Amino acid sequence: AGDRGLVNAVDINRDMIAHVNARAREAGLKNLRTILSKPDDPMVPAPVDRFFICDTWHHIEGHPHYLALMRKALKPGGQIVILDYQKRETPNGPPLEMRIAREDVVREFEQHGFRVSAEHTFLPNQYFLVFTVAGAAPVR
């Protein structure tokens, strides 16, 4: 985002919001806004360029509803980035039964009008997927 962009840090946990606010103050960040959201609604003010969801997609319930809200909030060509743990035993991460396989995440997003626009494979225990609305031109 740089100095001109705005980052919305979203969480459903008040303690995490307080932690992020404290860290942002310590770092002197002026372009970070925290949002205490609902478990089924990110509550971000639209439009946004990108959603970045790290190691929490498996915690979100009601994926179709959540995907619809994110899609509505995205700018044309916007992205949803998902990093989460592969569905196999790894040295860290959530229990295996909580994890969602990469292929299942891709299928779910495709069923809701998204496509994989990029995938990064440098993380040994997680998948790193970038989705855009199918047929949309990417944001530069």
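The values are calculated or read from the model by the stated rules, or taken from the named source; none is laboratory data. The structure displayed is predicted, hence computed values, not measured ones. Every residue, glycine as well, gets a Cβ built from its backbone with ideal geometry; the counts of neighbours run over all protein chains shown. SASA here: full protein model, heavy atoms, side chains in, ligands and nucleic acids out. Shrake-Rupley method; radii C 1.70, N 1.55, O 1.52, S 1.80 Å.
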Every residue in the stretch 15-32 that is open to solvent by 100 Å² or more (accessible area, probe 1.4 Å) and closer than 21 Å to Asp3 by Cβ, please. Arg23, Arg25, Glu26, Lys30
If I filter the stretch 12-29 for residues that are basic (Lys, Arg), at pLDDT 95 or above and under 28 Å from Glu119 (Cβ atoms), do I get at least one hit? no
Looking only at residues in the stretch 65-89 that are in contact (Cβ under 8 Å) with a residue 60 or more places away in the chain and touching a Pro at 6+ places or on another chain (Cβ under 9 Å), which one is surrounded by the fewest Cβ atoms within 10 Å (Cβ to Cβ)? Pro76
Could you check Gly62 against (1) surrounded by fewer than 14 Cβ atoms within 10 Å (Cβ to Cβ); (2) over 15 Å from the mean Cα position of the chain (by Cα) and say which number it fails? (2)
Those residues of the stretch 100-122 that are without any contact (Cβ under 8 Å) to a residue 24 or more places away in the chain and either assigned to a strand (DSSP E or B) or not aromatic (Phe, Trp, Tyr) (or both) come to a total of 12
Please enumerate the residues belonging to the stretch 101-112 that are surrounded by 15 or more Cβ atoms within 10 Å (Cβ to Cβ) and within 15 Å of Pro64 (Cα to Cα). Val105, Val106, Glu108, Phe109, His112
Filter the stretch 37-59 for residues that are touching a strand residue (DSSP E or B) at 6+ places or on another chain (Cβ under 7 Å) and open to solvent by 60 Å² or more (accessible area, probe 1.4 Å); which is nearest to Leu129 (Cα to Cα)? Phe52
Does Ile80 qualify as being among the β-branched types (Val, Ile, Thr), at pLDDT 95 or above and within 19 Å of Leu6 (Cβ to Cβ)? yes
